[in-house]
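Asks: Encoded as structure tokens, here's the structure I'll be asking about.
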């Protein structure tokens, strides 16, 4: 599935939570969590199943003009593939 | 804020 039609969504077992102690967001799932970087958080927040990969990248590109949209798209897709590889994401296959 | 490659650190839910 390509970026123009894939609509990634966090798996049912995954929760995105803000940790007030560290000021960072965590992806929580059974027995483990991922402390996300700022850009990883921006991407994860848009994994609602309603945004395509391309829409996510285009949306973020509006706020990060210091880097090319192509590079953002690549980073977004790489990150989403990593999450999918851990079983944390659906809708990307 | 500048773009940085998205990353994460795995933490055990102890």
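Asks: Has the range A:46-69 got any residue that is facing chain B (nearest Cβ under 9 Å), within 11 Å of the chain's Cα centre (by Cα) and within 12 Å of residue A:10 (Cβ to Cβ)?
Replies: Checked against the condition, which is being facing chain B (nearest Cβ under 9 Å), within 11 Å of the chain's Cα centre (by Cα) and within 12 Å of residue A:10 (Cβ to Cβ), the range A:46-69 yields no hits at all.
Asks: Let me ask another. Filter the range A:17-31 down to residues that are exposed (fewer than 15 other Cβ atoms within 10 Å of the Cβ) and under 23 Å from residue A:90 (Cβ atoms) and give me whichever is farthest from the chain's Cα centre (by Cα).
Replies: In the first step, residues of the range A:17-31 are kept if they are exposed (fewer than 15 other Cβ atoms within 10 Å of the Cβ); the result is A:17-23, A:30-31.
Filter once more, keeping what is under 23 Å from residue A:90 (Cβ atoms): A:17-18, A:30-31.
Numbers: A:17: 14, A:18: 15, A:30: 19, A:31: 20 Å.
Checking each candidate, the answer is A:31.
Asks: For chain A, please list each of the helices (runs of 4 or more DSSP H) lying entirely inside it that holds at least 1 residues being at pLDDT 90 or above and under 17 Å from residue B:8 (Cα atoms).
Replies: On the way: elements: A:38-45, A:53-61, A:69-85.
Per the criteria, A:38-45, A:69-85.
Asks: Just to be sure I understand, how many residues within the range A:70-88 are under 28 Å from residue A:13 (Cβ atoms) and more than 10 Å from chain B (Cβ to nearest Cβ)?
Replies: Of the residues in that region, 7 qualify.
Asks: Please work out if residue A:34 is surrounded by 13 or more Cβ atoms within 10 Å (Cβ to Cβ), in contact with a helix residue (DSSP H, G or I) (Cβ under 9 Å, 6 or more places away or on another chain) and more than 9 Å from every other protein chain (Cβ to nearest Cβ).
Replies: Working: surrounded by 13 or more Cβ atoms within 10 Å (Cβ to Cβ): yes; in contact with a helix residue (DSSP H, G or I) (Cβ under 9 Å, 6 or more places away or on another chain): yes; more than 9 Å from every other protein chain (Cβ to nearest Cβ): no.
When the stated conditions are applied, residue A:34 does not pass them.
Asks: List pairs: first in the range A:52-69 and touching a residue at least 40 places away in the same chain (Cβ under 8 Å), second surrounded by fewer than 18 Cβ atoms within 10 Å (Cβ to Cβ) and assigned to a helix (DSSP H, G or I), Cβ under 8 Å, 6+ apart or cross-chain?
Replies: Every condition considered, the pairs that remain are A:57/A:69.
The values are calculated or read from the model by the stated rules, or taken from the named source; none is laboratory data. Note that the structure is predicted; figures quoted are calculated from it, not measured. With ideal geometry, Cβ positions are generated from the backbone for all residues, glycine too; neighbour counts draw on all protein chains shown.
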